[in-house]
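I have placed the structure first, in the form of structure tokens, so that the comments after it can refer back to it.
Nothing in this text is a laboratory measurement; each read-out follows from the coordinates by a stated rule. Treat the numbers as computed from the prediction; the structure is a model and nothing was measured. Neighbour counts are summed over all protein chains in view; Cβ atoms, including those assigned to glycine, are modelled from backbone coordinates with ideal geometry.
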Amino acid sequence: MNVHAEVLWACGYALFLLAVARGMMAMGRKARAEDDSWPRTDVARFHHGLSTLLVLLSGLLVGACAVRHPEGLELGLLGGVSLTVAWVARRTWVEWWADASSSGEG
């Protein structure tokens, strides 16, 4: 069985976007931990928002590729990546709300 190059590209790019999103969340946590002043909290909020956007974009990419290639092997590969997207999305969402509740916004 052959896997379409588009599927491999989409999976690789989605995983790359997820890695960047997790890095942005780590930068947001670091900015918040260093100083709780006004500019630092806004930087942390910006990193969280950008991270959420990247996770959503990777999910959209995997979903669109799954619609274009609903074959067995491709769908299995995309399903594995979509589980990773769901796991990262959940962690991002939990960290977002934990940060919002600790700062008194939520």
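Things worth noting here:
- Cα Rg over Rh - the range 5-102, Kirkwood: 1.10
- Virtual spin-label span in nm between Leu57 and Ala86, 7 Å along Cα→Cβ: 2.4
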